[in-house]
Amino acid sequence: MPILTDGAIRQAIKRVETGGRQESLTDGEGRGTGRLVLVLKSMPRRVTAEWMAQQWRDGKRVKAKLGDYPSMSLAQAREVFKRDYADMIQKGRSIKVAGDTRPGTVADLFEAYVQYLRDANKPSWKETEKGLNKIADALGRNRLAREIEPDEITEVIRPIYDRGARAMADHVRGYVHAAYSWGMKSEHDYRSASPRRFRLVYNPAAGIPTEPKVVGTRWLDEDEFVRLYRWLECPDTPVHPPYTRAVRILMLTGQRVEEIARLHIDQWDAAERIIDWSKTKNGKPHAIPVPALAAELIESIKPNEHGWFFPSAKDPNRPVGAGTLYSFMWRQRGRGVIPIVTNRDLRRTWKTLAGKACVSKEIRDRLQNHTLQDVSSKSYDRWNYMPEKRAGMKRWDKFVTWLLTKRRHKLAA
């Protein structure tokens with residue numbers, strides 16, 4: 001049985017380079033079964049060499065690429081052929097559906113999950129990637145994902161919890177749980193052509209308890225709302241201007257911080273004074289007419305060269321992150337110059353004060369893109385409620401304008 005050698009490959013490359021004719025080198029006999037083949041082709045500036053698994057099936061020759069020579073050596077090509085293709089050929093299965101049969105590592109699993117989030121345009125992918133990178137270092141990047149035990153994840157989480165970072169500990173557990181849940185589903189997803197399988201039999205984070213969810217109740221009363229808004233208009237310390245503008249838009253519209261922070265020129269309809277998101281946190285498109293105060297503020301902003309209304313101070317190519325806005329607000333409230341408030345508190349404040357402005361709860365829910373769970377809303381009602389939203393925002397704009405004007409006169413007196 002002829003065995004291919006590196007010397008024979010080098011000689012063949014010279015022949016193809018000189019003669020310009022395609023040549024195929026086989027490693028062993030295989031007609032009727034299958035074999036490893038190196039296909040050499042003459043290109044204008046070089047000779048390409050591709051490793052192929054070749055199979056005779058139903059009287060036809062079928063090929064599947066393994067890699068390129070010399071980046072994949074002869075020894076490596078033989079190993080991959082034996083590992084991923086030889087058994088399928090012996091069983092008479094098509095090599096067209098063959099793939100890397102090695103179970104994936106921790107790094108493979110986490111990277112594939114992050115890629116899934118990126119492909120789905122999930123804004124959380126970057127934070128998730130950062131968190132999973134640290135977890136992979138702690139668990140061992142090159143270990144098989146299926147070998148990770150629950151107590152190993154607990155050992156990663158416990159030091160975080162012990163230093164008082166309970167929310168972060170819960171996030172770490174959530175990252176691992178989500179990655180393994182995705183991995184288990186991807187194993188059997190016939191719609192996926194994932195290059196790596198993990199052979200997971202259970203989720204090691206499934207049995208680890210989560211932190212009890214604390215339902216927030218904080219919202220700003222009228223005086224606190226005005227106090228914060230006025231400070232954002234004229235801060236007493238140097239602040240990157242897009243950050244203060246973004247928070248004011250949050251206060252005036254009640255939207256999710258990620259959606260406002262990532263506001264792009266393509267999403268702003270100046271003629272209709274509408275912000276239109278094609279996809280949001282709940283996966284549904286969302287559009288709102290903005291109150292006059294917010295529209296005037298948006299129109300006063302010149303988006304940067306990348307189209308962002310609120311670019312990051314460190315990297316203008318990207319919009320400001322929700323975490324950056326959170327830390328910016330945290331520093332100011334720590335100084336005592338603004339009320340104690342989080343981004344979610346601002347969303348809760350809008351919901352509450354807009355109710356005081358007599359905007360109905362149904363329209364407030366629609367303006368804030370809260371998913372309605374009744375069958376009619378989920379499956380049948382396709383009306384966009386734009387006229388009703390406009391009426392609600394007009395009522396809110398009248399209320400908040402009165403609020404800011406009244407408090408300004410009160411302070412002047």
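The values are calculated or read from the model by the stated rules, or taken from the named source; none is laboratory data. No experiment lies behind these values; they were computed from the predicted model shown. We place every Cβ from the backbone using ideal geometry, glycine too, and count neighbours over all the protein chains shown. Side chains included, ligands, DNA and RNA excluded: accessible areas come from the protein's heavy atoms. Shrake-Rupley method; radii C 1.70, N 1.55, O 1.52, S 1.80 Å.
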Worksheet entry | Area accessible to solvent at MET168, 1.4 Å probe radius, in Å² | 90
Worksheet item: Using a simple spin-label model with points 7 Å from Cα along the Cα→Cβ vector, what separation in nm is obtained for ASP221 and THR280?
Response: 3.0
Worksheet item: Can you list, largest first and rounded to whole Å, the semi-axes you get for the range 240-329 by taking the square root of 5 times each eigenvalue of its Cα gyration tensor?
Response: 18, 15, 13
Fill in: Estimated translational D of the range 145-238 in µm²/s (Stokes, Kirkwood radius over Cα pairs; 10 °C; 1.306 mPa s)
93
Worksheet, complete the sentence: Using the Cα gyration tensor of the range 267-413, the equivalent ellipsoid's semi-axes, largest first and to the nearest Å, work out to 27, 22, 17
Worksheet item: Assuming R0 = 56 Å, what is the FRET efficiency of GLN22 and CYS234, from their Cβ-Cβ distance, to the nearest 0.05?
Response: 0.15
Fill in: Sulfur and carbon atoms: percent of accessible area, the range 1-80 [1.4 Å]
46
Worksheet item: Helix 150-162: angle to the longest alpha-carbon principal axis of the chain, degrees 0 to 90, nearest 10?
Response: 30
Item to complete: Rounded, prolate or oblate: pick one for the range 303-364, where a ≥ b ≥ c are the square roots of the eigenvalues of its C-alpha gyration tensor, a/c under 1.5 means rounded, and failing that, prolate if a/b is larger than b/c, else oblate.
Response: oblate
Worksheet item: What is the distance, in nm, between label points placed 7 Å from the Cα along the Cα-to-Cβ direction at SER73 and at ASP269?
Response: 6.2
Discussion item. Using DSSP to call loops (not H, G, I, E or B), can you name the GluC sites (Glu not before Pro) in the range 247-337 whose Cβ has at most 11 other Cβ atoms within 10 angstrom?
Written reply: GLU305
Discussion item. Can you tell me the convex hull volume per residue for the chain, based on C-alpha atoms, in Å³ to the nearest whole number?
Written reply: 232
Worksheet entry | Residue-normalised accessible area of the chain, given per residue in Å² at a 1.4 Å probe | 57
Worksheet entry | Volume per residue of the C-alpha convex hull in the range 11-124, rounded to whole Å³ | 161
Item to complete: Quote the FRET efficiency, to the nearest 0.05, computed for THR5 versus LYS63 with a Förster distance R0 of 25 Å and r equal to the Cβ-Cβ distance.
Response: 0.70
Worksheet item: Taking a label point 7 Å from the Cα of TRP402 along the Cα→Cβ vector, which residues of the range 207-249 have an amide N closer than 18 Å to it?
Response: 221-226
Worksheet item: For the range 243-330, which whole-number percentage of the solvent-accessible area (1.4 Å probe, protein heavy atoms only) is attributable to carbon and sulfur atoms?
Response: 49
Response to the item:
With no solvent term and unit scatterers on the alpha-carbon positions of the range 83-236, Debye gives log₁₀ I(q)/I(0) at q = 0.12, 0.16, 0.21 Å⁻¹ of -0.65, -0.93, -1.31
Worksheet item: Going highest first, how would you order 61-69, 247-255 by mean Cβ packing within 10 Å?
Response: 247-255, 61-69
Item to complete: Once you have all Cα-Cα distances for the range 211-253, histogram them in 10 Å bins from zero and send the whole-percent values.
Response: 24, 43, 23, 10
Worksheet item: What angle do you read, to the nearest 10 degrees and between 0 and 90, between the alpha-carbon axis of helix 125-139 and the longest principal axis of the chain?
Response: 60
Response to the item:
One finds, for TYR202 and CYS358 with R0 = 60 angstrom and r their Cβ-Cβ distance, a FRET efficiency to the nearest 0.05 of 0.70
Worksheet item: Mind checking the angle between helix 6-19 and the chain's longest principal axis? C-alpha axes, 0 to 90 degrees, to the nearest 10.
Response: 90
Worksheet item: Among residues other than ASP6 whose Cβ falls under 14 Å from its Cβ, what is the net charge (Lys/Arg +1, Asp/Glu -1)?
Response: +2
Discussion item. Tell me which trypsin sites (Lys or Arg not before Pro) from the range 287-369 have a DSSP coil assignment and no more than 12 other beta carbons within 10 Å of their own.
Written reply: LYS314, ARG335
Worksheet item: When the chain is treated as a GNM, springs tying every alpha-carbon pair under 10 Å, which of THR352, THR18, THR217 comes out with the largest mean-square fluctuation?
Response: THR18
